[in-house]
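As structure tokens, the structure follows; a few thoughts come after it.
Just so it is clear, none of the values below were taken in a lab; they were calculated from the coordinates. The structure displayed is predicted, hence computed values, not measured ones. Cβ coordinates were reconstructed from backbone atoms using ideal geometry, including for glycine residues, and neighbour counts include every protein chain displayed.
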Amino acid sequence: MKRLGFSVYPGHAALEDNLSYIQLANKYGFKRVFTCLLSLDGDKNKVLKEFKETVAEANKYGMEVIADINPQVFKELGISYSDLGIFKTMGLYGIRLDIGFTGNEESLMTFNKYGLKIELNMSSGTKYLDNVLSFRPNTENLLGCHNFYPHRYTGLSYKHFIECSEQFKTYNLRTAAFVSSSQAKVGPWPVSEGICTLEQHREMPITAQAKHLFATDLIDDVIIANAFASEEEFKALSKIDPYKITLSVQIEDDLSDVEKKIIFEDDHFNRGDISDYMIRSTMTRIKYRGHKFDAFNTRNIKRGDIIIDNSLYAQYAGELQIALKDMKNYGKTNVVGKIKEDEVFLLDYIKPWQKFALTEG
């Protein structure tokens with residue numbers, strides 16, 4: 001199951017704000033929680049008390065909380081990798097190893113008697129995962145999660161992201177990556193110029209970031225890295241179908257009811273015999289055969305335009321297409337809308353037979 005998540009940072013925000021944030025996330029069905037034990041400052045007893053209260057609130061709603069740690073945290077808290085009981089008493093679902101051990105320790109931790117999940121850093125690009133797997137871990141308790149990057153221009157390149165993610169998916173491990181809220185200011189570190197996994201996401205709307213991660217088919221959990229995201233962002237993310245590429249569109253004025261139904265209500269999939277020039281959803285021409293589609297707005301076509309062939313195209317009338325390239329319009333095709341500019345790049349992820357949907361936004 002693909003899921004949405006968010007982050008809370010005890011010690012970096014007031015307890016009541018974190019608790020309210022968890023309640024807001026629950027309202028929109030978010031189930032995954034990232035938190036951090038690497039950056040806890042101040043009165044350790046007070047911070048750890050608030051940490052436990054925060055985790056308890058998330059657990060109340062059936063959320064899964066994973067805390068970021070490294071070997072230094074083990075040392076500071078006097079923890080042995082052979083006994084993870086302290087993390088269980090904190091109420092955690094698992095721990096994320098920002099920096100790992102030698103491989104054998106990670107393997108042994110996956111057999112912990114508490115059933116805690118052990119999440120590995122996915123972003124290093126080394127043979128670290130292969131090393132851990134060579135020690136025969138319990139892969140049922142092994143997860144992967146990318147880093148996030150608060151410093152502008154330090155996020156992952158897309159190529160590196162794909163290579164790292166494929167390493168984990170080869171072994172069918174559950175994966176996660178981060179997106180950044182444009183409204184949020186709180187993170188684990190003082191620097192926060194947006195907090196995302198992929199550098200190309202830094203200035204994108206949060207919905208476009210999440211759709212992109214899901215569209216790669218390599219990420220299971222998409223987590224908002226910074227707090228506090230707005231309710232509008234939570235609501236928009238909750239409407240995303242992680243299993244179907246859904247594109248936000250702007251439609252032309254004065255469309256007929258039939259054209260609106262074709263765009264927003266009918267099921268769409270790309271034909272298997274694909275074209276370089278367009279994505280073709282052909283079932284609508286069968287469903288609306290005999291309907292008269294008058295010619296209008298037959299301007300030349302641009303990449304990202306949503307088009308419906310009019311009745312001058314005879315048997316093609318009513319077919320919905322999305323332009324992949326600029327094309328000359330010979331008067332037989334109506335331009336009925338366009339994909340929002342920040343989501344046009346997602347067209348490249350619609351493969352043969354791929355299901356997709358269009359929503360107004």
Sparse-neighbourhood loop hits (trypsin sites (Lys or Arg not before Pro), the stretch 325-359; DSSP loop; Cβ within 10 Å at most 12 others) -> LYS325, LYS328
Listed candidates (1) 1.15; (2) 1.33; (3) 1.08 - label of the one calculated as Cα Rg over 2.2 N^0.38 Å
(1)
In terms of the alpha carbon gyration tensor, root eigenvalues a ≥ b ≥ c, rounded if a/c is under 1.5 and otherwise prolate when a/b exceeds b/c or oblate, the stretch 247-360 is rounded
Most exposed first by the Cβ proxy, i.e. fewest other Cβ within 10 Å, how do HIS268, HIS12 rank?
HIS12, HIS268
Toward the positive end of the charge dipole of the chain, about the Cα centre and with charges on Cβ (Lys, Arg +1; Asp, Glu -1), which of ILE306, SER182, ALA56 goes farthest?
ILE306
Between LEU312 and TRP189, what is the spin-label point distance in nm, taking each point 7 Å from the Cα along the Cα→C-beta axis?
5.8 nm
For the chain, the dipole about the Cα centre with charges only on Cβ (Lys and Arg +1, Asp and Glu -1), to the nearest 20 debye, works out at 660 debye
How large is the helix-only mean residue ellipticity at 222 nm for the chain, computed as the sum of -39500 (n - 2.57) over DSSP H runs with n ≥ 4, divided by its residue count, in deg cm²/dmol to the nearest 500?
-7500 deg cm²/dmol
If you stretched the chain out fully between LYS351 and ASN45, how much longer would it get, using 0.36 nm times the residue separation minus the C-alpha to C-alpha distance?
104.9 nm
Distance check, please: which entries in LYS127/LYS159; LYS117/LYS355; LYS46/LYS88; LYS2/LYS302 exceed 26 angstrom between their Cα atoms?
LYS117/LYS355; LYS2/LYS302
Before anything else, pin down the relative contact order of the stretch 247-360: Cα pairs under 8 Å, at least 6 apart, normalised by residue count, whole percent.
39 percent
Identify the residues of the stretch 229-273 with backbone N under 15 Å of a label point that sits 7 angstrom from the Cα of GLU360 along the Cα-to-Cβ direction, or state none.
248-266
Can you work out ³J(HN,Hα) from phi for every residue in the stretch 345-361, in order, using Karplus 6.51 cos²θ - 1.76 cosθ + 1.60 and θ = phi - 60°, giving whole Hz and x for Gly and Pro?
4, 5, 4, 5, 9, 8, 8, x, 6, 5, 7, 8, 9, 10, 10, 7, x
Take ALA56 and ARG271, extend 7 Å from each Cα along the Cα→Cβ direction, and tell me the distance between the two endpoints in nm.
6.2 nm
Starting from the Cα-Cα distance between MET1 and SER230, subtract it from 0.36 nm times their residue separation and give me the gain in nm to one decimal.
80.0 nm
The local net charge around ASN310, scoring Lys/Arg +1 and Asp/Glu -1 for residues other than ASN310 whose Cβ lies under 15 Å from its Cβ, equals -2
To the nearest 20 debye, what charge dipole does the stretch 144-246 have about its Cα centre, counting +1 at the Cβ of each Lys and Arg and -1 at the Cβ of each Asp and Glu?
20 debye
Gain in length, PHE264 to SER80, computed as 0.36 nm per residue apart minus the alpha-carbon separation, to one decimal in nm?
60.7 nm
Normalised by the number of residues in the chain, what is the relative contact order in percent for Cα pairs under 8 Å and 6+ residues apart?
14 percent
Rounded to whole Hz, the Karplus (6.51, -1.76, 1.60) HN-Hα couplings of the stretch 273-284, x for glycine and proline:
8, 6, 10, 6, 9, 7, 8, 10, 10, 8, 5, 5
Taking the highest mean first, how do the peptides 70-79, 297-306, 207-216 order by number of other beta carbon atoms within 10 angstrom per residue?
207-216, 297-306, 70-79
